[in-house]
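Everything on this sheet refers to the single structure shown next.
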Amino acid sequence: MSDDNELIRRRLAKLRALRERGIDPFGSRYPVTHWVRDFERLRDRATEEELRNLGTVSVAGRIMALRHHGKTCFAHLRDYTGQIQLYARADQLADDYALFTELDVGDFIGATGELFRTRTGELTVAVKSFAFLAKSLRPLPEKWHGLKDVETRYRQRYVDLLVNQGVREVFTLKSRLIKAVREFLDARGFLEVETPMMQPIPGGAAARPFVTHHNALGTDLYLRVAPELYLKRLVVGGLDRVYEINRNFRNEGVSTQHHPEFTMLEFYQAYADAGDLMELTEALLLHLAQSLTGSPRLTYQGESVDLSPPWRRLSFFQGLSEALGAPVAPDADPGSVQRLARAKGIEVDSEAIGGQLWKELFETLVEPTLAEPTFVFDFPLELSPLSKRRRENPRLADRFELFAARTELANAYTELNDPHEQRERFREQATQRERGDDEAHWLDEDFIRALEYGMPPTAGEGIGIDRLVMLFADQPSIRDVILFPALRPESQAAGAGNGEER
RNA sequence: GAGCCGUUAGCUCAGAAGGUAGAGCACCUGCCUUUUAAGCAGGGGGUCGGUGGUUCGAUCCCACCACGGCUCACCA
């Protein structure tokens, strides 16, 4: 919307007019005495006398609505904490009344006056004086229907936040959730740390990295796909309980469940195993539910999810066996498994063998059934190159994933702490990489060296924070819980239409 | 990356056999000193996402492109 838009032209004209009268449309500080929330107590209960005793108050915020009535004018002013009505009268404001009626929805003003209650009972500031704090030059979306266009909501999140009531609540909830995670872990003696986001060897997850370049060091670096290998180095260094909440970057497609940068909690606890983390995870999510909503029962997209522990525990192969209608085990013949799958109408990639086959089948057959919180445990070892083996069955990893609302929320395992076996596992990954799997893990010599110094038995877990927020805030797309989701750049034409000029 | 759907006024949406478009809100003018989706009367505003093609004529049909959404694929 360039300047030839009538609505913008009108506002620019008002801007000029203000300046000609010696008024700065973009004012400076305003001595606010009250946030709107401070009036909350008074809103319904205060008597006329109590309101009078309060004397003069000063509020500041954005005009959200204007109702002109000739010689009076009502406005709604919104600050960070709420909305309050303003009432301006020609006989009170004298010459300034004309200025008040020139205000536009979207403008920031500061207003000073006394509180009173209107005929309809609404708490209102009778404006004695006001100041221009910032002129708004673009019209806001409609007061009734708000902003619905998804693209605009994501690209211009500031407008979305302004106009759509629930959006701010989602991101407030995200912030509260992260805070509650910290409370929970801090209370259990975990230390929050930060590890490199730019890594010379991207490790800790099977994923394709983003590449960037450091000029002074003259080297390529990768945006991390996981902090895992660095956090374990810290456990080697004696930090027995560490966690990090930060961004991971994976060079993959986007979907309602996936975003190229996403926030992940990873934590490591020495002298524990995956089983301990199941209990910790139950306790953590329960704590979150209590902090955020006060109840372990949630509704996600019309479906109820009950986080009350204990949660269902399902072994990977038991889940698969049930889905396939015949028992399968890690050493099953791939051909016969593929036949079983086909009998169920599932066409699997004939290239897929071993871990890949299991993974494909599990994702197709079992994951979509996991609505209630479920720990899936005993993963095929091939899928878990950083995880310790099960003693009873060396083809299984001591690992679990948490599913709820048919989505993977967490991934945890007892960490492999034998440096020689870790080197072997990396070698296997290297062969896969040579076979063209560009998501296979890279060999990280320094990580092996760290393990050679000795890492205590440790359990580690990663939890996708954005997905957790989706669950708690009942949002269908990960883009709805990321303030500025990744989008293609606006085209030249669209850019011109959105006024990047000025 | 593939398939399907979408893009009309600042916003939310209608619309037509193919004959250059409409509503509500917002905006402008007038009236209005307790309104609140204020009201009443009048008015302005559109390269119908872009580029080509078919046609006497395209916003509508066709092709290509851009952007977005959903599903699939990959991952968490």
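Miscellaneous remarks
- Residues of region A:210-236 satisfying the condition of being in a loop (DSSP other than H, G, I, E, B) and in contact (Cβ under 8 Å) with a residue 40 or more places away in the chain: A:210, A:226
- Apart from one condition, residue A:212 fits all of (1) of a type outside the set (D, E, K, R); (2) assigned by TED's automatic domain parsing to the domain that holds residue A:445; (3) touching a strand residue (DSSP E or B) at 6+ places or on another chain (Cβ under 6 Å); the exception is (2).
- Residues that are over 21 Å from the mean Cα position of the chain (by Cα) and among the aliphatic types (A, V, I, L, M), drawn from region A:256-282: A:270, A:272, A:274, A:277, A:278, A:280
- Any hit, region A:241-255, residues being among the aliphatic types (A, V, I, L, M), part of a strand (DSSP E or B) and farther than 19 Å from residue A:469 by Cα: yes
- Count of region A:301-317 residues which are under 21 Å from residue A:277 (Cα atoms) and among the polar types (S, T, N, Q): 2
Yes/no per residue for (1) in a helix (DSSP H, G or I); (2) buried (at least 17 other Cβ atoms within 10 Å of the Cβ):
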{"residue": "A:154", "(1), (2)": "yes, yes"}
{"residue": "A:169", "(1), (2)": "yes, no"}
{"residue": "A:175", "(1), (2)": "yes, no"}
{"residue": "A:179", "(1), (2)": "yes, no"}
{"residue": "A:183", "(1), (2)": "yes, no"}
{"residue": "A:194", "(1), (2)": "no, no"}
{"residue": "A:208", "(1), (2)": "no, no"}
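- Of the candidates A:430, A:371, A:410, the single residue that is within 14 Å of RNA strand B (Cβ to nearest atom), of a type outside the set (Val, Ile, Thr) and in contact (Cβ under 8 Å) with a residue 12 or more places away in the chain is A:410.
- Only a single criterion out of (1) under 23 Å from residue A:475 (Cβ atoms); (2) within 13 Å of RNA strand B (Cβ to nearest atom) is not satisfied by residue A:161, namely (2).
Every residue, every condition in (1) in the same structural domain as residue A:95 (by TED's automatic domain parsing); (2) within 15 Å of RNA strand B (Cβ to nearest atom), yes or no:
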residue	(1), (2)
A:121	yes, yes
A:124	yes, yes
A:127	yes, yes
A:140	no, yes
A:144	no, yes
A:152	no, yes
A:156	no, yes
A:176	no, no
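Matching residues to (1) in the same structural domain as residue A:19 (by TED's automatic domain parsing); (2) in a loop (DSSP other than H, G, I, E, B); (3) farther than 15 Å from residue A:131 by Cα; (4) more than 39 Å from the chain's Cα centre (by Cα):
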residue	(1), (2), (3), (4)
A:33	yes, yes, no, no
A:37	yes, no, yes, no
A:44	yes, no, yes, no
A:58	yes, no, no, no
A:67	yes, no, yes, no
A:77	yes, no, no, no
A:85	yes, no, yes, no
A:100	yes, no, no, yes
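The values are calculated or read from the model by the stated rules, or taken from the named source; none is laboratory data. Remember, predicted model here, so these are calculated numbers, not experimental data. Glycine also receives a Cβ, built like all others from the backbone with ideal geometry; neighbour counts cover every protein chain displayed.
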